[in-house]
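The structure appears right after this line, and notes come after that.
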Amino acid sequence: MTLRSWAWTRGAVLGTLVAVALLRALSTAAEAFAWSALSTAIVERRRLRAASLVLALPLPALESLGPGGAVARILDAPAVVAQGCVSVCTALLRDGVSVVVLSAAALFLRPALFGVVLLVWALVLSLLRTGARRQDQGASRARRLWDRVASWAAALPSVAPVVTAHGAREAVLSGLAGTVRALGAEERRRHWLSALSSPAAELLGALSVVAVLGALGPPEPRTLDATLGFFYVVFLAWRSLRSLGGVQLQAANGASALVDLAALEALACNPAAVRVEDAVVIQGLSVLRGQRRPVEGLSLRLEPGGLVVLAGPSGVGKTSALDAVVGLRPAEGGLREPPLGSVLGCGLATQPPPLLPASLALNLLLGRPPTSRMNEVLAALELQPWVLGLPEGLQTEVGPGGILPSTGQVQRLGVARAVLHPGPLVVLDEPTAGLDRPLAERVVDLLVGEARRGRMVLVASHDPALLGRADRVITLGAAQTER
């Protein structure tokens, strides 16, 4: 090989590798910029929209979602869609062109000895260690934030009925928004770190190979370095081709996520809660649960100042009856005043009471300002000393990463949340379950007191203490009875 042809080959190597490196650098930066724009403009809003849709699902649809992992996938669907779009576009720009350029170059380029190339790449990895460490730290922070979002996802199906009855959907979404925005900021930071480190590796690797070529001088024809150089460039082309093929999975995941979100939009139909002004009347109502009718011919009347208890053995349909009275579960036949199809605004305590991975204040008040009754209710349920002993009082976080209340504390927090609702109707499912007798008596005293304040209190229970102090007891079963 003449010196002239060697100089031409070295120039071709320089041009090809630097051009490909610059192309990959620019496309990686463009990918980070696109993700940053999408994350701010679309992904965060769509994640909150997906959470809003989950909160708006009717009770049968919530039950069909199964464990919280299904909701976590729904909340992550906007990010999957955006990442799929960005990856496909940048892969076509970066890896598609790289494959063409490097495949053509592999026909005549002759890079350096294989061992020298390995040494150069060891140097590249050494220089990029700090950037990789920062990316790992960012990944750890992002995982912690995503675990928090996943905790919200696990809580949303169980808390949705309570949120709907309390009319607190916007307040709950505001509580989730802070975590979603923090996760979005961490994802943007990670993409920008990638945008800086990946192009640096590409450029340094290309320039290092060219420098080694210049130092070695022209090789003899048919020597080992020419053969290994050929395979090195083929390897670069193969890597680009593999990356281009890899986006097919991301594109498929994005398409699947779009289908999931569309299905969620079609199911979300829970109406806003309507305020109950005076009596609630139910006559001859049949409750639907899938293909079954656990309760038929339900009739009851709730009036201000009355404590009504639905009684009966386990499995007779007490919880389903409560859901139908509130308007969360489908029912047919008979009538309800206010009319069927609306959700009654009320203080609702389900069993077991769900808690959000948020502050104690948000869990108790669901976005409403503190009331003068807060201390009274907490003291009546023997929760006030515990709350005062928390590091940040009512602003202390509960759930993963925060405090973990005991089962009895969770039960009483659910009762307190229902009682603190400002409306005239309070509905509770087994409010004394899991409590020892003294604490159960405190709950019974509180509910009787609420009825004496002029509120309508409806309870499903088989607690003898509640049954003994109720104004009316409706026993469900083969034949409904009332005393």
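Database remark: amide H of residue 273 closer than 5 angstrom to the amide H of 167 (H placed geometrically; neighbours at sequence offset of 5 or more, or on other chains; Pro and chain starts carry no H). Length gained on full extension, residue 45 to residue 375: 115.2 nm, using 0.36 nm per residue less the C-alpha separation. Annotation: amide H of residue 331 within the under-5 Å range of 288, sequence separation 5 or more or interchain, hydrogens built in the peptide plane. Summarising the amide proton neighbourhood of residue 349: residues at separation of 5 or more, or on other chains, whose placed amide H is nearer than 5 Å comprise 427, 428, 429. Applied to segment 361-371, the Karplus parametrisation 6.51 cos²θ - 1.76 cosθ + 1.60 on θ = phi - 60° returns per-residue 3J(HN,Hα) values of 5, 5, 5, 7, 9, 6, x, 7, x, x, 10 Hz, with x for Gly and Pro.
Can you pull out the trypsin sites (Lys or Arg not before Pro) in segment 336-422 whose DSSP state is coil and whose Cβ has at most 14 other Cβ atoms within 10 Å? Let's see the in-between values first.
Details: sites: 336, 373, 412, 417; in loops: 373.
Sites meeting the loop and neighbour criteria: 373.
Each value in this text was obtained by applying a stated rule to the coordinates, not by laboratory testing. What you see is a predicted model, and the numbers here were worked out from it, not measured in a lab. Quick reminder, even Gly has a Cβ in these numbers, built from the backbone with ideal geometry, and neighbours come from all protein chains shown.
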